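Written below as structure tokens is the structure these notes are about.
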Amino acid sequence: MAELSREQIESALKQVQDKYLETDLVSANQVKDIRIDGSRVVVDIELGYAASGYHDELRSVVEQALRGVGGVDAVEVNVGCKVLTHAVQKSLKPMSGIKNIIAVASGKGGVGKSTTAVNLALGMAAEGARVGILDADIYGPSQPRMLGIKDKPESKDGKHMEPLERHGVQAMSIGFLIDEDTPMIWRGPMVTQALEQLINETNWQDLDYLIIDLPPGTGDIQLTLSQKIPVSGSVIVTTPQDIALLDARKGLRMFEKVEVPVLGIIENMSIHICSKCGHEEYIFGQGGAENMSEEYGVDLLGALPLDIRIREQADGGEPTVIADPDGRITEIYREIARRTGARLAEQARDYSSKFPNIVIQNN
């Protein structure tokens, strides 16, 4: 019997698609090693995004494909992930301690952006990533309440603040530094300076993703973000209604103008399912985000229902991904987290750290 070859194994792996990247494993450069010992084959697969909830399914599909190769009697498939640093705006470089920054924006208030942002962060953490969340809404911070954090950050060196952590996610917010009912009566320059301090003077610890929960609109905070903070990608949150989509389009266009890739759109409050009778109704309209994604050529990352539990759990400091880890809504959030990570994994990588520093000395 002829010996198994690497080409045979690679040919079989080319028939297996990563369902989130929508390309085969070999083309996606996810096959890191192939070892052949007689009729036994061991394959190491490394995803470029956190997706622990997908590992078993992918492993099963790969095993099935390899067992179809003539001469293969035993198969071992190892699936892991390694999140890389991706390119940011041309004038900026990635920050120390943070591989990738993802901005979550809405354009319009009241569409559930902050709730979506915190559940996205928690979903990414549940998928195996090291995640942080920055509450960039200086006037109306909501992440302290949603994460159930009442402590104030400490400083070990007198210069940097240590992020607070809950549910496995590092967090920073102006809300940690002031009383909950204290209004921030600040002009624009003070607000933008506060945002820069919150991100630059926090001792973020080896994050794969930092989620920035932006305030509504396209004003000072968003401008500061695009000019001074290295962002790898953005996500737009909207509801299906026309008035929300109008503002969501403005947010999307803003990121296009500042050369920040839009990873996709999340449709919140997509459908209401009555908790008493199960009747389904599209209260805010139907198909708005899908039409927008087709219009602008960006992905629809997922659609979430209008469900009272999402609001109750976030208000109680235990967002849905934590409060109901095995529930259907959490499954949607984690699916969105995987799709967001996959879209980012397709973006250009950052190679700035690979280039040597050139120093000219006059001796």
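The values are calculated or read from the model by the stated rules, or taken from the named source; none is laboratory data. Here the structure is a predicted model, which means the values were calculated and not measured. Here Cβ is always computed from backbone atoms with ideal geometry, including for glycine, and neighbour counts include all displayed protein chains. Areas reflect the complete protein model, heavy atoms only, side chains present, ligands, DNA and RNA absent. Shrake-Rupley method; radii C 1.70, N 1.55, O 1.52, S 1.80 Å.
The set of residues in the stretch 308-322 being of a type in the set (Gly, Ala, Ser) and either under 18 Å from Ser270 (Cα atoms) or within 20 Å of the chain's Cα centre (by Cα) (or both) consists of Ala314 alone. For the stretch 272-306: of the residues being free of Cβ contacts under 8 Å to residues at least 12 places away in the same chain and open to solvent by less than 70 Å² (accessible area, probe 1.4 Å), which is nearest to the chain's Cα centre (by Cα)? Among residues in the stretch 272-306 that are free of Cβ contacts under 8 Å to residues at least 12 places away in the same chain and open to solvent by less than 70 Å² (accessible area, probe 1.4 Å), the one nearest to the chain's Cα centre (by Cα) is Gly297.
What residue, of Glu46, Glu57, is of a type in the set (Asp, Glu), in contact with a strand residue (DSSP E or B) (Cβ under 6 Å, 6 or more places away or on another chain) and at pLDDT 95 or above?
Glu46
Scanning the stretch 255-271 for residues that are touching a residue at least 60 places away in the same chain (Cβ under 8 Å), closer than 19 Å to Lys228 by Cα and open to solvent by 10 Å² or more (accessible area, probe 1.4 Å) yields Val258, Glu259, Pro261.
Is it the case that the stretch 163-185 has a residue that's touching a Gly at 6+ places or on another chain (Cβ under 6 Å) and either under 30 Å from Asp299 (Cα atoms) or open to solvent by less than 10 Å² (accessible area, probe 1.4 Å) (or both)? Yes, because at least one residue in the stretch 163-185 is touching a Gly at 6+ places or on another chain (Cβ under 6 Å) and either under 30 Å from Asp299 (Cα atoms) or open to solvent by less than 10 Å² (accessible area, probe 1.4 Å) (or both).
Where helices (runs of 4 or more DSSP H) fall entirely within the stretch 51-149, those with at least 2 residues that are of a type in the set (Gly, Ala, Ser) and closer than 19 Å to Asp33 by Cα are at 52-67.
Screening Leu147, Leu47, Leu120, Leu134 for residues that are within 24 Å of Lys14 (Cβ to Cβ) and open to solvent by less than 10 Å² (accessible area, probe 1.4 Å) leaves exactly one candidate, Leu47.
Among the residues of the stretch 203-244, write down those that are buried (at least 24 other Cβ atoms within 10 Å of the Cβ) and under 10 Å from Ser106 (Cα atoms). Of everything in the stretch 203-244, those that are buried (at least 24 other Cβ atoms within 10 Å of the Cβ) and under 10 Å from Ser106 (Cα atoms) turn out to be Asp213, Leu214, Val235, Ile236, Val237, Thr238, Thr239, Ala244. Among the residues making up the stretch 47-93, a single one is polar (S, T, N, Q) and over 30 Å from the mean Cα position of the chain (by Cα): Gln64.
From the list Gly233, Gly287, Gly264, the lone residue that is over 22 Å from Pro94 (Cβ atoms) and of a type in the set (Gly, Ala, Ser) is Gly287. If we scan the stretch 228-237, do we find a residue that is in contact with a helix residue (DSSP H, G or I) (Cβ under 9 Å, 6 or more places away or on another chain) and modelled with pLDDT under 90? Scanning the stretch 228-237, I find at least one residue that is in contact with a helix residue (DSSP H, G or I) (Cβ under 9 Å, 6 or more places away or on another chain) and modelled with pLDDT under 90, so the answer is yes. Condition check: under 30 Å from Ile265 (Cβ atoms), surrounded by fewer than 19 Cβ atoms within 10 Å (Cβ to Cβ) and of a type in the set (Lys, Arg). Does Lys90 satisfy that? When the stated conditions are applied, Lys90 passes them.
Among the residues making up the stretch 1-44, those that are among the polar types (S, T, N, Q) and open to solvent by less than 50 Å² (accessible area, probe 1.4 Å) are Ser5, Thr23, Gln30, Ser39.
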